[in-house]
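**Q** Take a look at the following structure, please.
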Amino acid sequence: MSKFRKKKKGVPAVNTAALPDIVFMLLFFFMVTTTMRETDLKIENPRLPSATEVKKLEHKSLVSTIYVGKAKDSKYGSSFNRIQLNDKIATADQVPAFIINARSKVSEAEVPFMTTSIKADKESSVGTITDIRLKLRDVNALKISYSASKTSSN
Amino acid sequence: MARRDTPEINAGSMADIAFLLLIFFLVTTTMNVDSGVSKKLSEKPPPDYVPPVIKEKNIFEVNINRNNELLVEGERMEVKDLKEAAIKFIDNGGGEGKVENGVATGPCNYCKGEKSEKSSDHPNKAIISVQSDRLTEYGTYLTVQNELLRAYSVLRNRLSLERYKIPFVELEEAYKDDRDNADLKRKVEDIKTSYPQIISDAEPTSN
């Protein structure tokens with residue numbers, strides 16, 4: 001009798017050996033999906049206007065982004081009309097060069113599908129946007145997207 | 001002889017390390033998809049370009065001044081009323097449509113507007129002109145653009161429901177998933193040409 005009784009001693013510990021596996025699986029998922037921001041912003045993160053008629057931007061590699069907003073560096077003043085191209089604060093005159101540079105990175109057949117995304121702050125003025133738009137028209141970059149956050153329609 | 005069992009490596013803290021990394025990636029991950037109001041710019045006109053004469057009644061004029069106030073067709077208006085006013089203008093259908101490649105589109109038989117003499121002839125002739133000041137806030141400008149686009153989507157949706165029993169958004173979505181479907185393509189094109197989005201940006205005023 002005593003032989004059998006010995007076995008029933010204490011509750012067996014829950015096996016947690018598979019826990020690291022589960023956690024690793026989640027970890028890999030997030031590692032793969034994470035995208036680090038390629039350009040660091042020289043302007044303050046633009047407060048995007050909201051809109052209902054927004055469309056998702058497809059083909060990330062065909063999108064070139066122009067930021068408009070207030071410069072972080074106070075030497076550029078405090079207006080919301082600074083333009084950032086790549087990693088630098090620039091002027092509207094440099095937009096064509098920026099677009100041509102972006103075009104050289106994709107194959108010729110894809111050029112007509114290239115989109116310029118304008119990420120501008122709510123308080124930027126229309127004049128700045130118009131300047132950019134005119135320059136874009138000069139180099140025939142006609143597809144643009146005004147970046148906006150989606151709100152549900154009321 | 002002493003026991004030579006290799007002691008088991010304690011893997012208990014492995015989970016902790018993995019959790020730490022996991023939390024780091026959880027926090028840094030941003031799953032934002034870029035989205036925005038898309039627009040197609042008109043091509044640069046040649047230097048000797050003479051703009052066509054357009055009847056006053058086919059132009060819906062929207063002015064935004066530097067204090068972000070709206071002037072629509074000569075009257076002050078709130079942004080929330082803009083959509084209705086634009087719909088009324090586009091959907092008026094008071095006359096003949098434009099002649100395209102020698103084919104006259106005729107009067108608008110799907111319009112449900114007032115058919116007034118004083119407003120637009122046909123959706124494909126109706127031009128919305130947005131003029132803003134250089135100092136207008138970009139937020140207001142985009143809100144106005146958005147309201148105008150909403151007016152078009154309301155009309156397109158209505159027509160799509162009427163003709164194909166499916167909202168236009170879903171029709172477009174279906175077409176996006178199946179690009180080679182000629183039938184869907186025809187339907188989407190049909191709705192788009194029935195209510196073409198003609199929004200022009202006038203040169204902003206300054207001084």
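**Q** Under 10 °C and 1.306 mPa s, how fast does chain A diffuse according to Stokes-Einstein, given a Kirkwood radius computed over C-alpha pairs? Answer in µm²/s, whole number.
**A** In µm²/s, the coefficient is 83.
**Q** Would you mind telling me the antiparallel percentage of the DSSP bridges in chain A, rounded to 5?
**A** Expressed as a percentage, antiparallel bridges in chain A total about 40.
**Q** Using label points projected 7 Å from each Cα along Cα→Cβ, tell me how many nm separate residue B:162 and residue B:75, to one decimal.
**A** It is 2.5 nm.
**Q** Going highest first, how would you order B:174-184, B:142-152 by mean Cβ packing within 10 Å?
**A** Descending packing order for the listed peptides: B:142-152, B:174-184.
**Q** Looking at the calculated P(r) for the stretch B:121-167, what percent of the C-alpha pair distances fall above 12 Å?
**A** More than 12 Å apart: 71 percent of the Cα pairs in the stretch B:121-167.
**Q** Here's a follow-up. How many Å³ per residue does the convex hull of the Cα positions in the stretch B:137-207 occupy?
**A** Hull volume over Cα atoms, normalised by residue count, gives 106 Å³.
**Q** Using alpha carbon centroids, what distance separates the stretch B:31-61 and the stretch B:93-170, in Å?
**A** Computed from Cα coordinates, the inter-centre distance equals 14 Å.
**Q** With unit charges on the beta carbons (Lys and Arg positive, Asp and Glu negative) and the dipole taken about the Cα centre of the protein assembly as shown, which residue among A:84, A:134, B:63 sits farthest to the positive side?
**A** Selected residue: A:84.
**Q** Quick check: convex hull of the Cα atoms in chain B, volume per residue, rounded to a whole Å³?
**A** So the per-residue hull volume is 285 Å³.
**Q** Same structure, new question: Calculate for chain B the 222 nm mean residue ellipticity that helices alone would give, adding -39,500 (n - 2.57) per DSSP H run of length 4 or more and normalising by residue count, nearest 500 deg cm²/dmol.
**A** -12000 deg cm²/dmol
**Q** Hey, another quick one. Based on DSSP H runs of at least 4 residues, each adding -39500 (n - 2.57), what is the mean residue ellipticity at 222 nm of chain A after dividing by all its residues, to the nearest 500 deg cm²/dmol?
**A** Mean residue ellipticity at 222 nm (helix-derived): -8000 deg cm²/dmol.
**Q** Per residue of A:111-119, count partner chain C-beta atoms within 10 Å of its C-beta, then hand back the mean as an integer. Mind dumping the intermediate values first?
**A** Numbers: counts 0, 0, 0, 0, 3, 1, 4, 5, 2.
Rounded to a whole number, the mean comes out at 2.
**Q** Can you tell me the mean projection area, over all orientations, of the convex hull of the protein assembly as shown's alpha carbons? Units nm², please.
**A** Projected over every direction and averaged, the Cα hull of the protein assembly as shown covers 34.0 nm².
**Q** Suppose we take every Cα in the stretch B:77-155 and form the convex hull; what volume per residue is that in Å³?
**A** Looking at the stretch B:77-155, the number lands at 114 Å³ per residue.
**Q** Beta carbons within 10 angstrom, averaged per residue: use that to sort the peptides A:60-72, A:96-108, highest first.
**A** In decreasing order of mean packing, A:60-72, A:96-108 become A:60-72, A:96-108.
**Q** In what sequence, highest mean first, do A:133-144, B:42-53 appear when ranked by Cβ atoms within 10 angstrom?
**A** By packing density, highest mean first, the sequence is A:133-144, B:42-53.
**Q** Give me the inter-chain shielding for A:131-140: mean count of other chain Cβ atoms within 10 Å, whole number please.
**A** Across A:131-140, the average partner-chain Cβ count within 10 Å equals 2.
**Q** While we're here: Kindly provide the pair-distance distribution of the stretch B:1-109 built from C-alpha pairs, with 5 Å bins from 0 and whole-percent values in order of increasing distance.
**A** 2, 7, 8, 9, 11, 11, 8, 5, 4, 4, 4, 4, 4, 4, 3, 3, 2, 2, 2, 1, 1, 0
**Q** Pull up the cross-link candidates among the lysines for residue B:88, meaning alpha carbon to alpha carbon under 16 Å and not fewer than 8 places away within one chain.
**A** Partners within reach: B:57, B:80, B:112, B:115, B:118, B:125.
**Q** Compute the signed sum of charges (Lys and Arg +1, Asp and Glu -1) over the other residues within less than 15 Å, Cβ to Cβ, of residue A:149. Mind dumping the intermediate values first?
**A** Working: positive: A:47, A:55, A:56, A:119, A:122, A:150; negative: A:53, A:121, B:34.
Result for the local shell: +3.
The numbers here are math on the coordinates, done by the rules we state, and not lab data. The structure presented is a predicted model; accordingly, all values stated were derived computationally and were not measured. Quick reminder, even Gly has a Cβ in these numbers, built from the backbone with ideal geometry, and neighbours come from all protein chains shown.
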